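Written out below as structure tokens is the structure these notes cover.
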There are 2 protein chains.
Amino acid sequence: MKFCSECAHPVVLKIPPDDTRLRFVCDHCHTIHYQNPKLVVGSIPVWKNDGEVKILLCRRAIEPRYGFWTLPAGFMENGESTSQAALRETQEESGANIELHELVSMINVIHVDQVHLFYRATLLDLNYAAGTESLEVALFTEAQIPWDQLAFQTTVQTLRYYFEQSGKAETDGSFKPYCNDIVRPRHTA
Amino acid sequence: MKFCSECAHPVVLKIPPDDTRLRFVCDHCHTIHYQNPKLVVGSIPVWKNDGEVKILLCRRAIEPRYGFWTLPAGFMENGESTSQAALRETQEESGANIELHELVSMINVIHVDQVHLFYRATLLDLNYAAGTESLEVALFTEAQIPWDQLAFQTTVQTLRYYFEQSGKAETDGSFKPYCNDIVRPRHTA
């Protein structure tokens, strides 16, 4: 951020009165430009057939992590709920028709100022197809998942937790969301 | 938003290529200025003594809802986790020393583009004191809580759920987070 989005004057980085953090501040119109973490929301689309459990993954057609596999997910938008975001992103990236269930994971990705949420979902049919942000979409059993070609640690942790806990939500109701923080050095531009 | 924060040219509201939503776009430097929901994170500080359960609430010294009571909470900052945000906001608003436990609620407040998270917390001592954003802080039993003077629906719903579920987290571990959406007409400026 270089200029005030309200009056176009250059902003300065300083700690405003009654604050403790550096903010971009406009000394002309006195707007304080707060910057806050973003939510990335997605689903775990589960296909069950003859006792076999498969998960729908997308291979990324965009950076970061072009060509790697991921659960369908993306930035939550203004004007929607977290579950609406999970449904929309799943539809956009995989074309999948899903029914959404409970929250499976909430993972802080601190070095990129993101919080990732994943919901369990039932894949309702096999009419999925890669969206513009995916090279391909495909179903994988736990053993088939390309663990070393997954795009993000939040995908890895969410899938591992889902399989560890598998069935608990449907049977004894003891399923609880996985909460974790991923801490890495911050990238500097 | 009126001007590009990167080059100071006026922005226009339009749907960028490969997008489906209106964004503030700079036709000069081609920056797309995305706007996304913010996380508001707080705690339910619980004081237990002789079998009596009390909750620490803060009376707001700031707008919106000046003078109304709330659980300590505030906007999550870049560079911190959701639990660090809950600890920090609790300390800032109530001076309370707490130990944080599991997530109790995740509530979408769609008309203001916010997601509210509350964690259960143990109040470790009685050395609390109103911060600059609070008029006073005080402990309340369930019966004493000023239900008609609570600042926000997310506080009401979180407290009601906490008392309904009270003890489940500590005893049989069956406590699960409350997830809900609050839908109201959007305020127009």
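The values are calculated or read from the model by the stated rules, or taken from the named source; none is laboratory data. What you are looking at is a predicted structure, and each value in this text was computed from that prediction instead of being measured. Using ideal geometry, Cβ is built from the backbone for each residue, glycine included, and neighbour counts are taken over all protein chains shown. When the accessible area is computed, the model is the full protein with side chains, heavy atoms only, and any ligands, DNA or RNA have been set aside. Shrake-Rupley method; radii C 1.70, N 1.55, O 1.52, S 1.80 Å.
Below, the figures for the structure above:
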item	result
Chain B - percent relative contact order, Cα under 8 Å, separation 6 or more	21
Virtual spin-label span in nm between B:Leu135 and A:Cys7, 7 Å along Cα→Cβ	3.2
Ordering of B:5-18, A:57-70 by burial proxy (mean other Cβ atoms within 10 Å per residue, highest first)	A:57-70, B:5-18
Rounded to the nearest 10 Å², the accessible area of A:Glu164 at probe 1.4 Å	130
Gyration tensor verdict on segment B:77-167 (Cα atoms; rounded if a/c is under 1.5, prolate if a/b is larger than b/c, oblate otherwise)	rounded
Heavy-atom surface of chain A, accessible at 1.4 Å and reported per residue (Å²)	48
Proximal lysines to B:Lys54, defined as alpha-carbon separation beneath 17 angstrom and excluding residues fewer than eight positions away on the same chain	B:Lys168
Residue among A:Val104, A:Val112, A:Val41 with the largest mean-square fluctuation in a Gaussian network model of chain A, springs linking Cα atoms under 10 Å	A:Val112
16 Å Cα-Cα reach of A:Lys14 towards lysines, excluding residues that sit fewer than 8 places from it in its own chain	A:Lys2
Cα-based shape type of the protein assembly as shown, given that a ≥ b ≥ c are square roots of the gyration tensor eigenvalues and the cut on a/c is 1.5	oblate
Cβ neighbours within 10 Å from other chains - mean over A:78-88	5
Number of partner chain Cβ atoms within 10 Å, mean per residue of A:111-124	1
Across the identical copies, how the B:Ala129 labels are spaced - nm, sorted shortest first, 7 Å along Cα→Cβ	6.6
With eigenvalues of the C-alpha gyration tensor scaled by 5 and rooted, chain A, Å	37, 18, 16
Reachable lysines, given that their alpha-carbon falls under 17 Å from the alpha-carbon of A:Lys38 and they are not under 8 places away in the same chain	B:Lys38
Once the Cα gyration tensor of segment A:3-110 is diagonalised, semi-axes √(5λ) in Å	40, 15, 13
On Cα atoms only, tilt of B:153-165 relative to the major axis of chain B in degrees	40
Percent carbon-and-sulfur accessible area, chain A, ignoring ligands, DNA and RNA, probe 1.4 Å	50
Isolated Cys in chain A, by beta carbon distance under 4.7 Å	A:Cys58, A:Cys179
Cα gyration tensor, segment A:1-42 - rounded (a/c under 1.5), prolate or oblate	oblate
Amide H partners (placed H, <5 Å) of B:Val115, local residues excluded	B:Lys38, B:Leu39, B:Val40, B:Val109
